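Written out below as structure tokens is the structure these notes cover.
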């Protein structure tokens with residue numbers, strides 16, 4: 001975040017890309033820690049994750065300022081302009097990812113009940129997949145590898161499916177045992193946050209496509225989150241599963 | 001969205017602002033309709049709202065393309081650059097508002113149970129306030145009125161308070177009557193979406209501040225959504241309120 005004495009467009013862009021690489025690393029760590037904090041109920045880690053989000057926010061402001069200065073002073077065209085605009089877009093997605101991870105950590109601090117083991121396993125699996133997608137898309141960006149970005153883009157459907165199944169599972173727990181309502185509500189929002197982090201990774205994949213090819217993605221991504229149209233019947237006593 | 005033959009920077013900017021004004025109007029209508037659809041359980045209106053989000057998405061793509069072309073070809077500086085960048089930022093917030101409203105409408109389609117009247121009243125009140133904030137901030141933008149934008153920015157705290165109280169209320173309903181869990185979960189997400197639409201209005205207010213004064217907001221907005229750290233005890237039978 002120090003001021004650089006910049007002599008060429010390339011140097012200015014290198015400086016932006018350096019900040020962005022750092023920001024990507026921090027967002028990845030923030031997400032990994034928040035998943036760890038909620039699944040292991042690690043309060044110290046949760047508090048640390050909440051605090052460290054400020055660094056990510058500061059980097060976004062810094063990258064945007066550098067990029068706008070660069071556009072204003074150097075008037076980049078074609079690929080150079082796409083590089084600069086892509087940096088702004090990706091830093092905005094990373095800032096949102098940091099925010100969503102912070103929110104997961106806050107919920108880790110609120111969760112004081114033991115939680116249904118199976119639901120936690122599902123959440124952990126979903127978290128691993130979301131983290132993996134973020135790593136992959138940041139690698140794809142570092143290498144300007146559009147094919148690799150498109151793999152991430154297509155694979156988001158799996159996350160949506162995990163989310164749908166977790167959503168139903170958590171609703172079922174609440175219905176079976178209303179004492180878990182407060183806890184399961186927090187876990188529902190955690191799952192939703194993970195699903196949205198997945199969406200931000202696909203946004204980054206789309207930006208890579210635009211950066212590398214100069215064309216926006218025409219095909220629209222299959223949307224797999226169907227929970228907004230999910231309606232579950234409250235089971236009658238006879239139908240209620242007996243496991244607690 | 002037709003191609004304009006542009007002869008000056010001002011004309012190009014006018015064209016962008018025209019698209020943005022249209023987009024603002026559509027986002028406002030989308031939000032008003034989605035609130036109406038969920039509170040009156042109007043399926044036809046909900047379906048129509050889901051379908052009309054495409055128009056808002058298309059306008060975002062169009063505005064971003066116009067703005068980038070303008071930056072690349074005309075190299076605006078100072079206020080002109082801020083005008084152009086602000087248009088990109090505001091269109092991105094409006095696109096998210098359209099998305100969140102679409103999601104509310106989808107949930108209106110899923111809600112097939114009668115709902116606790118009091119919760120619905122709270123949701124309606126919150127919806128009115130969120131809609132009012134969006135209208136105010138779009139007016140502030142149209143008039144480049146920073147004072148008016150700052151009123152919106154400060155008033156977001158009230159929405160956060162409404163959200164916190166609705167959150168607790170809905171959790172209480174679920175605990176009192178587990179048959180409402182599926183319904184109340186949808187209403188929880190609707191409330192969360194409204195709270196996030198409020199956040200996007202404050203983002204727009206911050207962009208207006210940057211546009212008018214050239215400076216980013218230093219002071220950080222008071223964050224009032226505390227539900228991520230809310231932990232509710234399941235009431236014992238003796239404590240359970242008796243009203244249904």
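The values are calculated or read from the model by the stated rules, or taken from the named source; none is laboratory data. None of these values were measured; they are calculated from a predicted model. Methodologically, a virtual Cβ is constructed for each residue, glycine included, from the backbone with ideal geometry; neighbour enumeration extends over all protein chains shown.
Part of a helix (DSSP H, G or I) and without any contact (Cβ under 8 Å) to a residue 12 or more places away in the chain - does that describe any residue in the range A:106-126?
yes
Within the range A:127-145, track down each residue that is without any contact (Cβ under 8 Å) to a residue 12 or more places away in the chain and not in a loop (DSSP other than H, G, I, E, B).
Across the range A:127-145, the qualifying residues are A:132, A:139.
Yes/no per residue for (1) away from chain A (no Cβ under 11 Å); (2) at pLDDT below 95; (3) closer than 29 Å to residue A:43 by Cβ:
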position: B:136; (1), (2), (3): yes, no, no
position: B:139; (1), (2), (3): yes, no, no
position: B:146; (1), (2), (3): yes, no, no
position: B:184; (1), (2), (3): no, yes, yes
position: B:190; (1), (2), (3): no, no, no
position: B:194; (1), (2), (3): yes, no, no
position: B:219; (1), (2), (3): yes, yes, no
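In the set B:52, B:34, which member is free of Cβ contacts under 8 Å to residues at least 40 places away in the same chain, within 18 Å of residue B:107 (Cβ to Cβ) and surrounded by 15 or more Cβ atoms within 10 Å (Cβ to Cβ)?
Selected residue: B:52, the only one of B:52, B:34 that is free of Cβ contacts under 8 Å to residues at least 40 places away in the same chain, within 18 Å of residue B:107 (Cβ to Cβ) and surrounded by 15 or more Cβ atoms within 10 Å (Cβ to Cβ).
Tally the residues that are within 14 Å of residue B:85 (Cβ to Cβ) and away from chain B (no Cβ under 11 Å), restricting the search to the range A:50-69.
2
So the check is Cβ under 8 Å with 6+ separation or different chains; which pairs have a first residue in the range B:155-166 that's touching a residue at least 24 places away in the same chain (Cβ under 8 Å) and a second one that's buried (at least 22 other Cβ atoms within 10 Å of the Cβ) and not in a helix (DSSP H, G or I)?
From residues that are touching a residue at least 24 places away in the same chain (Cβ under 8 Å), the pairs are B:160/B:225; B:163/B:225; B:164/B:225.
Using the structure shown, decide if residue A:78 is more than 21 Å from residue B:74 (Cα to Cα) and in contact (Cβ under 8 Å) with a residue 60 or more places away in the chain.
Spelling it out, it is not the case that residue A:78 is more than 21 Å from residue B:74 (Cα to Cα) and in contact (Cβ under 8 Å) with a residue 60 or more places away in the chain.
Quick one: count up the residues across the range A:81-90 that are within 13 Å of chain B (Cβ to nearest Cβ) and within 20 Å of residue A:28 (Cβ to Cβ).
Final tally of qualifying residues: 3.
Mind checking which residues of the range A:91-133 are under 25 Å from residue B:64 (Cα atoms) and more than 14 Å from chain B (Cβ to nearest Cβ)?
The answer is A:94, A:97, A:98.
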